[in-house]
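Trainee: Here it is: the structure, laid out below.
Each value in this text was obtained by applying a stated rule to the coordinates, not by laboratory testing. As the structure is a prediction and not an experimental result, all values here were calculated from the model. For neighbour counting, all protein chains shown are included, and Cβ atoms are generated from backbone atoms with ideal geometry for every residue, glycine included.
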Ligand code: SPD
């Protein structure tokens, strides 16, 4: 699920800010620190674990547990999230990240990468359906689609509901994620079984650079959080390669974190995308109880060419045969949820307004 990345696990570009040894708050807000991937080496090694039957994000099993609780995840400092574990099913390590799968008491199986929850059986639908159908239902007849990251297969499963789609390329850097999901998450891995899927294991930035200009109707970036290998995926050069690979009027849907925790990061991404794509740019969100703050957002952008109105979907998947594909009914997405996803609370409207209108 690590998006494309180049495996630079400790890219550090922030000049200021961060938490010192005393844990004191520094000048930059946490989301900016995170956006700039200021991850001290010690913290980066200090991943979540299972203690006394509970999995806790950002918890360490070493003697620096308290330090890790405070420091480890600059994306959501000052809070931790725990899920009760019934059984650990898999623990492993790839060249890119640590992979953990466990059976939880209340959310079914849980996939964790580098100590961060990526999905659970119970609420994965809210993420995978929205990240796929928000872009694909906004354009008339998508044919060529690229997924960056998404090695669990869930986004592929959702794209494959669209009968107009002819090619689904996926570029995932970490083969271990794919193999683990094949074994433990068959309802997601199902997405790989569609004959339209072409798997490319490797670096997304390189893949995009080699893609002929104007190849895709839609690109979906299903990345993990921008720490380590996924850091590049929120920066301008990456968005430029995406824009190049899109057809005129083509659309991007990019994982864009939480409006409660990361408004600075979202502002930065919106500003970059407005400059880069020239069509419409919007922020939408969905509710995922097992992600920090219980919500996660998406950046929806269209390249200039044909105008795209993301707020008014024209290709309602829930009314098509794909809605029940493979006996797997759509659980979360519908046209009302699509429209509602773009409605922002007042604080977020205010904070993002500067970027929307500038
Ligand atoms: N904070 C966790 C964000 C994870 C986003 N990616 C999830 C991948 C599911 N296909």
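Trainee: Can you classify the stretch 211-358 as rounded, prolate or oblate using the Cα gyration tensor, where a ≥ b ≥ c are the square roots of its eigenvalues, rounded means a/c under 1.5, and otherwise it's prolate if a/b beats b/c and oblate if not?
Mentor: Rounded.
Trainee: Take the alpha carbon atoms of the stretch 313-358, find their radius of gyration, then divide it by 2.2 N^0.38 Å using N residues; give the quotient. Walk me through the numbers before you get to the answer.
Mentor: Numbers: Rg = 15.6 Å, N = 46, 2.2 N^0.38 = 9.4 Å.
This ratio for the stretch 313-358 stands at 1.65.
Trainee: Tell me whether the stretch 150-195 comes out rounded, prolate or oblate; compute the Cα gyration tensor, take square roots of the eigenvalues as a ≥ b ≥ c, and use a/c under 1.5 as the rounded threshold.
Mentor: Taking the square roots of the gyration eigenvalues as a ≥ b ≥ c, the stretch 150-195 is oblate.
Trainee: Here is a follow-up. Which shape class, rounded, prolate or oblate, goes with the stretch 166-228 when its Cα gyration tensor gives a ≥ b ≥ c as root eigenvalues, a/c under 1.5 marks rounded, and past that a/b bigger than b/c marks prolate?
Mentor: oblate
Trainee: Multiplying the sequence separation of residue 91 and residue 347 by 0.36 nm and subtracting their Cα-Cα distance, what value in nm do you get?
Mentor: 88.1 nm
Trainee: Please rank 147, 343, fewest neighbouring Cβ atoms within 10 Å first, as an exposure proxy.
Mentor: 343, 147
Trainee: Now a separate question. For residue 52 and residue 275 in one chain, what is 0.36 nm times their gap in residues minus the Cα-Cα distance, to one decimal in nm?
Mentor: Result for the pair: 75.4 nm of gain on full extension.
Trainee: Between residue 201 and residue 141, what is 0.36 nm times their sequence separation minus the Cα-Cα distance? Round to one decimal in nm. Intermediate results must be reported in sequence, preceding the final value.
Mentor: Numbers: separation 60, 0.36 × 60 = 21.60 nm, distance 2.72 nm.
Working it through step by step, the gained length comes to 18.9 nm.
Trainee: Using all alpha carbons of the stretch 92-148, what is the percent of pairwise distances in each 5 Å bin, ordered from the shortest bin to the longest?
Mentor: Histogramming the stretch 92-148 at 5 Å steps yields 4, 15, 18, 18, 15, 13, 10, 5, 0 percent.
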